[in-house]
Amino acid sequence: MELAEDVKTSLQKLPSRRVQELVVEVLQELKWVGVEEIEVTPGSSLGDGLMALIYRVRATGRLARAEKARASFVVKHTPRNKARRDVFDVPMLFANEHSFYENVVPALSRHCGPLAVAKFFHSITDGEHDALILEDLKEQSFRLADRRKGLDLRHCRVVLAALARLHAASFVLKEKNAAAFEQLRPRVKDMFWDADREFAFKPFTTSCFEETLRTLKAYFGGDDHENKYIEAFLRLSERGYDFIAASVRSTASRLQVVTHGDCWTNNLLFKYADEQPDSPSDVRFLDYQLTRITTPAADVTYFLFTSPNSILEQHHMDPEKIFSRRCLDEEMARMAPYGLTSAGIVVPAVCVPPEFTPDMDKVLGQTRDDFVQEYAKQMKADTPEARLQLASLLKHCVDRGFFKDL
């Protein structure tokens, strides 16, 4: 396929020659015979992605009959920083997400129709230049919400409905073809909570427990042992990683579904009707690197503990009203410690002011410990918003008896 010289120059803004070649391969598969112009720009703001670099690629060219053609893609690439790659084993994360698009989406969509995911074109999973090429949903008017404002009830309803469709697809597949669902189990891996991942994620979780406790103490003040909320969190942090991992892994088989695994504001794109610019009509989920098979309540608690605004938490987080099925109520209560632990990891990133957003690719050092220490240093949840959100969540759990058995 013909490439103008300035096109070749523009492609060099992508991080590796293999990724540049892959973009051209995608255009060839779309029946392009020539590329006249390519624009490569950053696809996300600083702080919006922890485990990947995002690029937006816009191309104009021509088809076989001299017809004009336009296309826009998102290229998701492994971080350059070695400590950042090592702490999360990023090659395994990219392999997990590749498998989700390549194997899981077709299986789940076969009986339930399209899911709330972007179209997948190609990927590289060589452990060095890992990358995914996906459709650019911005071209369809999807956009990120402001993570610092939190999501209101209208946004949360759209997200929960899309999560319900994703989870329901697993139940339908089990009913229609149980063997096909079982074949998905080895296709996705829990990168944080599986037993063989403890060495990688336990130090990170321990550090986040320490930072969350510091934030909660700043909010509540006084004597730790006279505050029932701090006492409850201390019991949770003492049980630590092993307790949360067991909660995620111990879901009854009949309740297990394919989950998103990382459903928070920065992994959600919303579409709005022209006549209702503040009311979302649709949503797409991004970033399936942490997809896993577990209880649906893991996704729901993760989302509700990290993404709604404080008004929603105070007035709409009544499980009896939101979830009518007894088993889901029970699962929500069981997974509350997981939700609060996840909030301790995510809320600092949600609430950090834009001017203080850290660049994780500039972390000094080359080891897991380097990254964990730097993340804790740069993501201290010392904003009033973070203190309020974490304290409100802890009070929610304790007041409803979710921590009584800790």
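Per residue of the range 335-350, in order, report the coupling 6.51 cos²θ - 1.76 cosθ + 1.60 (Karplus, θ = phi - 60°) as ³J(HN,Hα) in whole Hz, putting x for Gly and Pro.
Whole-Hz 3J(HN,Hα) from phi for the range 335-350: 8, 4, x, 4, x, 5, 4, 4, 4, x, 7, 8, 4, x, 5, 5.
Cut-off under 27 Å on the C-alpha distance; same-chain residues fewer than 8 positions from Lys119 excluded. Which lysines are left, in chain and number order?
Of all the lysines, those that pass the test against Lys119 - Cα under 27 Å, at least 8 places apart if same chain - are Lys8, Lys13, Lys31, Lys68, Lys76, Lys138, Lys174, Lys176, Lys189, Lys271.
How large is the helix-only mean residue ellipticity at 222 nm for the chain, computed as the sum of -39500 (n - 2.57) over DSSP H runs with n ≥ 4, divided by its residue count, in deg cm²/dmol to the nearest 500?
That calculation yields -15000 deg cm²/dmol at 222 nm.
For the chain, what's the relative contact order in percent, using C-alpha pairs closer than 8 Å and at least 6 residues apart?
About 19 percent, as a whole number.
Of all the C-alpha pairs in the range 46-160, what % are more than 22 Å from each other?
Tail fraction, whole percent: 50.
What residues qualify as long-range amide H neighbours of Val258, i.e. H under 5 Å apart, gap of 5 or more or another chain, H built at 1.01 Å from N?
Sorted by chain and number, the residues that satisfy this are Ser170.
In a solvent-free Debye calculation with one equal scatterer on each Cα, what is log10 I(q)/I(0) for the range 32-113 at q = 0.14, 0.17, 0.24, 0.27 Å⁻¹, listed in the order of the q values?
At q = 0.14, 0.17, 0.24, 0.27 Å⁻¹ the computed log10 ratios are -0.73, -0.89, -1.02, -1.12.
Report D for the range 2-77 in µm² per second (integer): Stokes-Einstein, Kirkwood Rh on Cα pairs, 10 °C, 1.306 mPa s.
124 µm²/s
Semi-axes of the range 236-305's equivalent ellipsoid from the Cα gyration tensor, sqrt of 5 times each eigenvalue, largest first, rounded to whole Å?
They are 30, 14, 10 Å, listed from largest to smallest.
Could you rank the peptides 256-267, 66-77 by their average count of other C-beta atoms within 10 Å per residue, with the highest value first?
256-267, 66-77
Near the amide H of Ser281, under 5 Å away, which other amide H atoms are found, from residues 5 or more places off or on another chain, if H is placed in the peptide plane?
Correct list: Lys271, Tyr272, Ala273.
How do 202-209, 148-155 rank on mean C-beta neighbours within 10 Å, highest first?
Result, highest mean first: 202-209, 148-155.
Among Thr78, Thr9, what is the fewest-to-most ranking by other Cβ atoms within 10 Å?
Ordered from fewest to most neighbouring Cβ atoms within 10 Å, Thr78, Thr9 come out as Thr9, Thr78.
Can you sort Arg84, Arg239 from fewest to most other Cβ atoms within 10 Å of each residue's own Cβ?
Arg239, Arg84
On a 0 to 90° scale, report how tilted helix 90-99 is relative to the longest principal axis of the chain, with both axes built from alpha carbons and the result rounded to the nearest 10.
70 degrees
Give the whole-number value, in cubic angstrom per residue, of the convex hull volume spanned by the C-alpha atoms of the chain.
152 Å³
Roughly how tilted is helix 17-29, in degrees to the nearest 10 and between 0 and 90, from the longest Cα axis of the chain?
For helix 17-29, the angle is close to 70 degrees.
Quick one: angle between helix 296-306 and the longest Cα principal axis of the chain, in degrees between 0 and 90, rounded to 10, please.
80 degrees
Per residue of the range 176-189, in order, report the coupling 6.51 cos²θ - 1.76 cosθ + 1.60 (Karplus, θ = phi - 60°) as ³J(HN,Hα) in whole Hz, putting x for Gly and Pro.
7, 7, 4, 5, 5, 5, 4, 5, 7, 4, x, 7, 10, 10
FYI, it's all coordinate maths here, none of it is from the lab. Treat the numbers as computed from the prediction; the structure is a model and nothing was measured. Backbone-built Cβ (ideal geometry, glycine too); neighbour counts: all protein chains shown.
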